[in-house]
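Written out below as structure tokens is the structure these notes cover.
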Amino acid sequence: MAEENEILKELEALFPGRVVTPVRYVQESWWPLAWINRSYLGSAVAAVVPESVEDVVRLVRFAYERGVPLNIVGGGSSVTGASAPRGGVVVDLKRLNKIREVDSRQRYAVVESGVVLQELEQVLNQEGLTLGQFPQSMDIATLGGFISTMGSGHSSSGYGNVEDVVSRLEVVVPPGEVYWTSFRRVPRSSLGPDLSKIFVGAEGAFGVITAAELKLYDLPKFIWEDSALFSTFEEGVEAVEKLASLDLPPKMVRLYDELETAYYTGLEGAVLIFRFATQSKAFLEAARSEVSDILRQGFRGPELVHKLLQERPNYREHITRILHRGLIVDTVEIAASWDKVADLYRAVKEALRGVEGVYFVTAHLSHIYRHGACLYFTILFMPSESLYFKIWDAVYSEAERFGATISHHHGTGVVKQRYLELEKPAELYRRLKAALDPKGILNPGRLVP
């Protein structure tokens, strides 16, 4: 305790007025396991709120010299425990919230890590631009956290994922040095590996992302939104695979299974919603013709698109209602190639049907690619820590059996960390960690133990 008090005094001297007790940081969490057992909320000595890159440099230098762990936090919207502190100091980056530059001519923006995605999108829209990243949590998720967890939004089939829009990064690494991962703004460079990729998805384990240069898109001039209804989810999967192979694929596609369709719309079957967005009316009409050949049962109109997308921002209300009933809800997003998607969907549902304490399991296709798709499962179950891990292990067993990944866009966090070594060569991550953070002060225990 004496050492903690000493650290707190030193921090208050370094950052007057910007050191707070970590009470709210260890009471707020979107991680379902922390709702079951509050000890998973974590703990910290204090939280520091940097207001500049120079502040981050000073904080990293202090932590490096004193051997104090730093827990990097953005919007705190992680559902896998990535935001839970493990002792030391919380680094709250939300005041690094400047949009330094928007270059409409070159379609680039330089944005600090603490900027909330929704606010960034609003600013870009005023310039006739878009980042094209629309995660469900965009009203609270910050750019830095989104990059650090390798996030994605529902329009990834048109605009790509976060790794596709990051041009270069500004990072602070121990013992307290600032680097841009490239010194120049260029569309592409083969002069050595892209260093930005080291930090995208690393969840702060290799360095503190303080800003990013982002690639932007023009807002579309022509939009076509529509829907279709299939008798079964599997029938819909076959159609969506064909949509994914189009020369001009839809910007957004979501296919809901029978349970989710009934819950959100009251319809029987599996509903598909999609959006095409182009700069050319001719391209849009060509897409309409091709889609009509695929969806021969006809279209249901844009009303279902609006209804289902309007439900996405209401996730807090849905979660609150479930928690008040004494239940827990969690989500798992796994990605696989098209030849395995339908079978994997059935296998996961069957595996969880046999787990006592699981009430129901629903799913939808949330992201599509030419080579595969993401299955996004929602699971309602009794509040039990052992059941929580049993569910995750059951899903992972099926993902492993089908050669799928256990994480499409929710990152690694704590709960998925034990699966990382089964999917990827974790020893290479450890070597990177040792080289970039030799004292292990940045998000200790994250990514790889």
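Cβ-Cβ under 8 Å, sequence separation 6+ or interchain: first residue in the stretch 195-220 and on the phi > 0 side of the Ramachandran plot, partner part of a loop (DSSP other than H, G, I, E, B) and among the aliphatic types (A, V, I, L, M). Which pairs?
Every condition considered, the pairs that remain are Gly201/Met150; Glu203/Ala82; Glu203/Leu447.
Can you name the number of the only condition in (1) closer than 20 Å to Thr362 by Cα; (2) among the β-branched types (Val, Ile, Thr); (3) under 23 Å from the mean Cα position of the chain (by Cα) that Ile209 fails?
Exception for Ile209: condition (1).
Take the residues of the stretch 406-449 that are acidic (Asp, Glu) and without any contact (Cβ under 8 Å) to a residue 40 or more places away in the chain: which is farthest from Val208 (Cα to Cα)? Give the steps one after another, and end with the answer.
Start the filter on the stretch 406-449 by keeping residues that are acidic (Asp, Glu), which leaves 421, 423, 427, 437.
With without any contact (Cβ under 8 Å) to a residue 40 or more places away in the chain added as a condition, the list becomes 421, 423, 427.
Details: Glu421: 23, Glu423: 25, Glu427: 21 Å.
Out of the qualifying residues, it is Glu423.
Look at the stretch 156-184 and say how many of its residues are hydrophobic (A, V, I, L, M, F, W, C), touching a Ser or Thr at 6+ places or on another chain (Cβ under 8 Å) and in contact (Cβ under 8 Å) with a residue 40 or more places away in the chain. Give the steps one after another, and end with the answer.
Taking the stretch 156-184 and keeping what is hydrophobic (A, V, I, L, M, F, W, C), we get 162, 165-166, 169, 171-173, 178, 180, 183.
Then keep just the ones that are touching a Ser or Thr at 6+ places or on another chain (Cβ under 8 Å); that gives 162, 166, 169, 171-172, 178.
Of the ones still in play, those that are also in contact (Cβ under 8 Å) with a residue 40 or more places away in the chain are 166, 169, 172, 178.
Total satisfying the criteria: 4.
Report yes if Ala282 is over 31 Å from the mean Cα position of the chain (by Cα), closer than 21 Å to Ala228 by Cα and either without any contact (Cβ under 8 Å) to a residue 40 or more places away in the chain or crowded, with 16+ Cβ neighbours inside 10 Å (or both), otherwise no.
Numbers: over 31 Å from the mean Cα position of the chain (by Cα): yes; closer than 21 Å to Ala228 by Cα: no; either without any contact (Cβ under 8 Å) to a residue 40 or more places away in the chain or crowded, with 16+ Cβ neighbours inside 10 Å (or both): yes.
No; evaluated as a whole, the condition is false for this residue.
In the stretch 335-351, which residues are under 24 Å from the mean Cα position of the chain (by Cα) and in contact (Cβ under 8 Å) with a residue 40 or more places away in the chain?
Looking only at the stretch 335-351, we keep the residues that are under 24 Å from the mean Cα position of the chain (by Cα), and these are 335-338, 340-342, 344-345, 348-349.
Scanning the stretch 335-351 gives Ala335, Ala336, Ser337, Trp338, Lys340, Val341, Ala342, Leu344, Tyr345, Val348.
Quickly run through the stretch 401-445 and pick out the residues that are under 16 Å from the mean Cα position of the chain (by Cα) and either farther than 22 Å from Ser366 by Cα or part of a loop (DSSP other than H, G, I, E, B) (or both). Steps first, please.
Step one: list which residues in the stretch 401-445 are under 16 Å from the mean Cα position of the chain (by Cα), which gives 405-417.
Passing the criteria: Ile406, Ser407, His408, His409, His410, Gly411, Thr412, Gly413, Val414, Val415, Lys416, Gln417.
I'm trying to understand the selection: among the residues of the stretch 93-111, which are surrounded by fewer than 23 Cβ atoms within 10 Å (Cβ to Cβ) and within 30 Å of Tyr376 (Cα to Cα)?
First pass over the stretch 93-111, keeping only residues surrounded by fewer than 23 Cβ atoms within 10 Å (Cβ to Cβ): 94-95, 97-108, 110.
Once the filter is applied, which keeps residues that are surrounded by fewer than 23 Cβ atoms within 10 Å (Cβ to Cβ) and within 30 Å of Tyr376 (Cα to Cα), the stretch 93-111 yields only Lys94.
Looking at (1) in contact with a strand residue (DSSP E or B) (Cβ under 7 Å, 6 or more places away or on another chain); (2) surrounded by fewer than 16 Cβ atoms within 10 Å (Cβ to Cβ), can you tell me which one Val332 breaks?
Status for Val332: all satisfied but (2).
Could you tell me whether any residue of the stretch 100-119 is touching a helix residue (DSSP H, G or I) at 6+ places or on another chain (Cβ under 7 Å), of a type in the set (Val, Ile, Thr) and part of a loop (DSSP other than H, G, I, E, B)?
yes
In this structure, is Ile334 at pLDDT below 95 and either of a type outside the set (Asp, Glu) or in contact with a Ser or Thr (Cβ under 6 Å, 6 or more places away or on another chain) (or both)? Don't jump to the end; show me each part of the working.
Details: at pLDDT below 95: no; either of a type outside the set (Asp, Glu) or in contact with a Ser or Thr (Cβ under 6 Å, 6 or more places away or on another chain) (or both): yes.
No; evaluated as a whole, the condition is false for this residue.
So in the stretch 421-442, with the set limited to residues that are in contact with a Leu (Cβ under 7 Å, 6 or more places away or on another chain) and under 28 Å from Gly153 (Cα atoms), which one is surrounded by the most Cβ atoms within 10 Å (Cβ to Cβ)?
Leu442
Among the listed residues Ser167, Ser227, Ser137, Ser182, which satisfies the condition of being in a loop (DSSP other than H, G, I, E, B), at pLDDT 95 or above and of a type in the set (Ser, Thr, Tyr)?
Details: Ser167 fails: in a loop (DSSP other than H, G, I, E, B); Ser227 fails: in a loop (DSSP other than H, G, I, E, B); Ser137 fails: at pLDDT 95 or above.
Only one candidate qualifies: Ser182.
State whether the residues of the stretch 273-282 include one that is over 30 Å from Phe360 (Cα atoms) and part of a helix (DSSP H, G or I).
yes
Looking at (1) among the hydrophobic types (A, V, I, L, M, F, W, C); (2) in a loop (DSSP other than H, G, I, E, B); (3) closer than 25 Å to Gly151 by Cβ, which is the only condition Val68 fails?
Result: Val68 passes all but (3).
The values are calculated or read from the model by the stated rules, or taken from the named source; none is laboratory data. Everything numeric here is computed off the predicted structure, so don't read it as measured data. Note: ideal-geometry Cβ built from the backbone for every residue, glycine included; neighbour counts use all protein chains shown.
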